[in-house]
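Each remark here refers to the structure printed beneath this line.
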Amino acid sequence: MNAYLLYKDKEWVGASKYFDSKSIVQDLGLKTLYMNAGKDVVFENGAAKQIKEQDPFITDTMSRVMVVPLVSKEEILYRQKILKDCLENESFIQDLYKAATSIVGEWDKLGRRATGYSGRSDDAGWTVTQIHLTSLFVSGLKKIKKLLRGSTVLFSSEGLKNLAKRLNEEFDDEYEKKIETLLNDVSFYVKESEEKDGALFVYSPRLVIEGKLGAGLKLKDVKLKEVTSKMVRYRNPKSTISKIVGFKNSLTPDSFSVKMTPAIEKQVVQLEQNTVNYIMTFTGEFLDRFSGFFDQLLFQTAFYRGAVNLSRHMKRIGIDYCFPTVCERNNLAFSELKEFVMCMEQRVNAVGNTCNIHDKMLVIITGANQGGKSTFLRSVGIAQVMMQAGLQVAAESFSSGIFTSLFTHFTRREDSAMNSGRLDEELGRMNSIIDHLDNASLVLLNESFATTTEIDGSIIAYDIIKAMNEAGVKVITVTHLLSFAQKIYAETEEKEKNNEHSDITFFCAERKEGGVRTFKMIQSVPELTSFGLDLYADVIGKPVIFSEVGSNEQEGIKK
């Protein structure tokens, strides 16, 4: 039995994650996203009332699934449709996850982690465990079937409809009744007593065997004819009624009390155990069929449970979300895209960006310090990761290509444990990225090579980024290396003058009069300054006037 909620035709086994996913998580701040995915938000009258404690399993599940990219439009749509059903029926996915959690939790108590589904190795313990586990699986499957009942009406996704169909086929009513009858027949082996209508009843076995007497009065050609468990009212062995019944049975020619003969009593106990062991071998196929199902169901429902939690965090902050669409890799378009991680950390509905980048493979972003360039870059990276995990994105609309390889190269803070200079460390990480590039790669660079001089950094950036561009790799870079940006821009202009197509475009952080930042990116020629003196002016509280000499491209006097 398969869950098939993450993929149409396979389970979550041996999935291949992004190369250096650790850097992606660090640079994009995805740990915050994972953590919040594990926290449900309770609403009352449309307002967030409470944020529940983190569910570590959901957090761990999101951290594992999100760094494994889906590689086709069909895979993305498959997950999106299931998620849409879950968002429209939130109580359903909550109940399904809760049921799976309860089943696996009870299974753990029976020794799943230590020994697999078989439990203890001794015969008696093995049998008891098998009975309890089979009972657990049956009750769990009945509960899940009930939750999925009516799925053709509630759900529109292929994934949830097919799950209900497979479960009804592989655990149909006839099979369910067969297993329940078997469990009822051997219930005497695991149940001693039960209260009913104020009276105490005990489980009494009835074993009917057929055989022949052989040498030494030993049975041969033994056949099991019947095994049942009967509930009989408990009577104290020392009571008058018990003594009368015992005396009556002693007078019956074809019956005797095994308790009167210890040797025979021991053999009867062994006979009961062997009989139940034999019967429970028929549940092996049942346990094999469904043992893997519950683990997969728990893992996969945890992912959708986390996705629903993320949507509730978006609602809490007031962020619109959408289900992204897949387009060609040289296109990128979105409306009111937010940096979701920052919004959750600061609990604010941040400024969104809107752009439509058509037929471009290199995007160079320059402009004012503290203008939102890095935030813009992270928002694109986070949205790309979420899209390729089949999740909703914090934007009114989002459209991008599929990149099976995603790389981030952000500046690192100086670490006392570094064994080399910061430029060497940057070049080492870049070399590792280049070794794993292909034409389905997206590289996000944030102020790379800013740890050396502007001239040297520009030369390094030009050589590496130009080579990536010529190799068909998509690159989005935020840079303060103005010589590098100007050189690329000059080449682009030259191409356009010669009516040649250029797959390079430029954005800058918008800056209003007086140095006001809007935190929006606009399509523009590269800025020739980062307006760092705006920040200095903010500190000292007055404008700064300076002069520049020897430049024909910049104003002589700037504020």
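The values are calculated or read from the model by the stated rules, or taken from the named source; none is laboratory data. The model shown is predicted, which means the values in this text are computed figures rather than measured ones. Counting neighbours? That spans all protein chains shown, and the Cβs are built from the backbone with ideal geometry, glycine included.
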Q | Residues of segment 130-156 satisfying the condition of being of a type in the set (A, V, I, L, M) and either touching a residue at least 40 places away in the same chain (Cβ under 8 Å) or touching a helix residue (DSSP H, G or I) at 6+ places or on another chain (Cβ under 8 Å) (or both) | A | Ile131, Leu133, Leu136, Val138, Leu141, Ile144, Leu147, Leu148, Leu154
Q: Go through the residues of segment 161-169 one by one and say whether even a single one is at pLDDT below 90 and surrounded by 18 or more Cβ atoms within 10 Å (Cβ to Cβ).
A: no
Q. Which residue pairs have Cβ atoms under 7 Å apart, sit 6 or more places apart or on different chains, and have a first residue in segment 157-185 that is among the small types (Gly, Ala, Ser) and a second that is outside any helix (DSSP H, G or I)?
A. Gly159/Tyr4; Gly159/Leu5
Q: Give the residues of segment 138-153 that are more than 17 Å from Val104 (Cβ to Cβ) and crowded, with 16+ Cβ neighbours inside 10 Å, sorted by residue number.
A: Lys145, Leu148, Ser151
**Q.** Exclusive hit being of a type in the set (Gly, Ala, Ser), surrounded by fewer than 21 Cβ atoms within 10 Å (Cβ to Cβ) and in the same structural domain as Leu160 (by TED's automatic domain parsing), set Ala100, Ala48
**A.** Ala48
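State whether one or more residues within segment 339-349 are over 26 Å from Gln26 (Cβ atoms) and assigned to a helix (DSSP H, G or I). Write out each step before concluding.
Just the residues of segment 339-349 that are over 26 Å from Gln26 (Cβ atoms), to begin with: none.
No, there is no match, as no residue in segment 339-349 is over 26 Å from Gln26 (Cβ atoms) and assigned to a helix (DSSP H, G or I).
Among the residues in segment 3-13, are any in contact with a strand residue (DSSP E or B) (Cβ under 9 Å, 6 or more places away or on another chain) and buried (at least 18 other Cβ atoms within 10 Å of the Cβ)?
Of the residues in segment 3-13, the ones in contact with a strand residue (DSSP E or B) (Cβ under 9 Å, 6 or more places away or on another chain) are none.
No.
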Q: Those residues that are in a loop (DSSP other than H, G, I, E, B) and either modelled with pLDDT of 90 or more or under 40 Å from the mean Cα position of the chain (by Cα) (or both), I need them from segment 464-522; list them, please.
A: Ala471, Gly472, Val473, Thr479, His480, Leu481, Asn498, Asn499, Glu500, His501, Ser502, Asp503
**Q.** Selection from segment 289-337 of residues that are in a strand (DSSP E or B) and either small (Gly, Ala, Ser) or under 20 Å from Ile82 (Cα atoms) (or both)
**A.** Cys322, Thr325, Val326, Ala333, Ser335
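Suppose the filter is closer than 30 Å to Leu5 by Cα, assigned to a loop (DSSP other than H, G, I, E, B) and β-branched (Val, Ile, Thr); does Ile402 pass it? Even if it seems obvious, please write down each step before you answer.
Numbers: closer than 30 Å to Leu5 by Cα: yes; assigned to a loop (DSSP other than H, G, I, E, B): yes; β-branched (Val, Ile, Thr): yes.
Answer is yes for this residue.
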